[in-house]
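Have a look at the structure below before the remarks.
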Amino acid sequence: MSKNRSIAVLCSGGDGPGMNAALRSVVRSAYKAGIDVYGVYKGYEGLLERSVVPLDLASVGNIIQRGGTFIYTSRSPRFMEPAHRAAAAAYLKELGVMGLIVIGGNGSFNGAHLLHKEWGMPVACIPGTIDNDIEGTEFTIGFDTATNTAVEAIDKIRDTATSHERTFLVEVMGRSAGGIAITVAITTGAEAVIFPDRNVDLSQVASAVTRGVARGKKSSIIIVAEGEKEGLGHGYQKILRETYGLDTRLCILGHIQRGGNPSARDRFLGSIMGQMAVQALHEGQTAVATVVRQGQFTLAPLVECLNKRNDFDKSLVELLDTLAL
Ligand code: F6P
């Protein structure tokens, strides 16, 4: 690389639409500040495999509109072991970078935190996960696109459900956070939502459907939040049939929610946060995250963003019940 100062950037964990926009912003903001950028392939695995590529202005051309991440991502269980983190830190020091930008979710943030705590590596983290479940920020890159993708799919399911006068269970991603589930439930006019990690009262779910049918509804949609394990919808389908006599079709949306062109909102988040992360390292910050708080972009100490956020505004469930009457 030609200049003295450089940084590295990686994407880690589940990908999310808008990560490419963040990468583009990192590279171009760094260029403006006279900083070179190494892209690390496949997340923390790339540090262990010493797999990096210099990123220049042209290398991030024509990617802002693309889903996924062009430098790939991975989940790296071995990075959770101190010896591997030591090897990663040694490699970063060998490269001579002044800091590492990590785009990812909660597990990725924890990896960055340890790299900083144990080896003094300056880190700036950008929240990127469709789950929107990082403590300390109201939004993560990918959530908006994933919810819109789910909404589009559920609108289609509604068409066939109405034609056949059927009830559908639609399972959406988002692990235990429930943010995707409650958002798509409200915005698709769903009849009910099931959160496997909270109290599930299937009798209420069944009566929401039968009440609707009795007043003339021609279709019903029940959103199932993914919870800790994909596929729980199968169990609910069985109970609804065997205990409540409710016949349903099940559709698990799955990874379709992680792909596709990022929404304007996610491109915007990525563009702003990429620039903020570069600026943070440039100014000598050592362990920060770019966050949205009360609608404003700001930097937060990384330690405030290490936990999973597994809640959402409970009044939204009441709103759903009211709107589904
Ligand atoms: O964390 C993002 C996410 O898409 C979750 O919603 C989902 O549970 C998980 O990743 C799936 O992970 P994988 O792609 O590794 O199966």
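Annotations
- Within the stretch 237-284, the set of residues being part of a helix (DSSP H, G or I), in contact with a strand residue (DSSP E or B) (Cβ under 6 Å, 6 or more places away or on another chain) and polar (S, T, N, Q) comprises 237 only.
- Test result for residue 151, in contact with a Leu (Cβ under 6 Å, 6 or more places away or on another chain), touching a residue at least 24 places away in the same chain (Cβ under 8 Å) and of a type in the set (Val, Ile, Thr): no
- Test set (1) among the charged types (D, E, K, R); (2) under 25 Å from residue 130 (Cβ atoms); (3) in contact with a strand residue (DSSP E or B) (Cβ under 8 Å, 6 or more places away or on another chain) - residue 36 fails condition number: (2)
- On inspection, residue 300 qualifies as in contact with a strand residue (DSSP E or B) (Cβ under 6 Å, 6 or more places away or on another chain), touching a residue at least 12 places away in the same chain (Cβ under 8 Å) and not assigned by TED's automatic domain parsing to the domain that holds residue 186.
- Taken together, the residues in the stretch 1-37 that are surrounded by fewer than 22 Cβ atoms within 10 Å (Cβ to Cβ) and hydroxyl-bearing (Ser, Thr, Tyr) amount to 4.
- Taking the stretch 298-307 as the range and being exposed (fewer than 15 other Cβ atoms within 10 Å of the Cβ) and assigned to a strand (DSSP E or B) as the test, the residues that pass are 298, 301.
- Residue within the stretch 172-181 that is at pLDDT 95 or above, outside any loop (DSSP other than H, G, I, E, B) and under 15 Å from residue 321 (Cα atoms) present: yes
- Within the option set 240, 281, being surrounded by 15 or more Cβ atoms within 10 Å (Cβ to Cβ) and within 17 Å of residue 192 (Cβ to Cβ) holds for one residue only, 240.
- Count of residues meeting criterion [of a type in the set (Val, Ile, Thr) and farther than 18 Å from residue 7 by Cα] in the stretch 273-313: 4
- Only a single item in (1) more than 17 Å from the chain's Cα centre (by Cα); (2) in a strand (DSSP E or B) is not met by residue 291, and it is number (1).
- Flag for residue 174 being outside the structural domain of residue 22 (by TED's automatic domain parsing) and either surrounded by 18 or more Cβ atoms within 10 Å (Cβ to Cβ) or farther than 19 Å from residue 10 by Cβ (or both): yes
- Restricting attention to the stretch 190-214 and to residues that are part of a loop (DSSP other than H, G, I, E, B), farther than 11 Å from residue 325 by Cα and of a type outside the set (D, E, K, R), the residue that is modelled with the lowest pLDDT turns out to be 199.
- Screening the candidates 36, 56, 15 for the property of being more than 21 Å from residue 84 (Cβ to Cβ), within 16 Å of the ligand (Cβ to nearest atom) and in the same structural domain as residue 94 (by TED's automatic domain parsing) yields one hit, 15.
- Residue among 295, 270, 274 that alone is more than 23 Å from residue 154 (Cα to Cα), surrounded by fewer than 15 Cβ atoms within 10 Å (Cβ to Cβ) and in contact (Cβ under 8 Å) with a residue 12 or more places away in the chain: 295
- Residue within the stretch 83-103 that is closer than 27 Å to residue 308 by Cβ, in contact with a Leu (Cβ under 9 Å, 6 or more places away or on another chain), within 16 Å of the ligand (Cβ to nearest atom) and not basic (Lys, Arg) present: yes
- The set of residues in the stretch 198-238 being away from the ligand (no atom under 16 Å from the Cβ) and of a type in the set (Asp, Glu) consists of 201 alone.
- Within the stretch 43-124, helices (runs of 4 or more DSSP H) holding 3 or more residues that are surrounded by fewer than 14 Cβ atoms within 10 Å (Cβ to Cβ): 82-95
- Residue 28 closer than 24 Å to residue 284 by Cβ, touching a His at 6+ places or on another chain (Cβ under 9 Å) and not aliphatic (A, V, I, L, M): no
The values are calculated or read from the model by the stated rules, or taken from the named source; none is laboratory data. Just so it is clear, the model here is predicted, and its values are computed rather than measured. Counting neighbours? That spans all protein chains shown, and the Cβs are built from the backbone with ideal geometry, glycine included.
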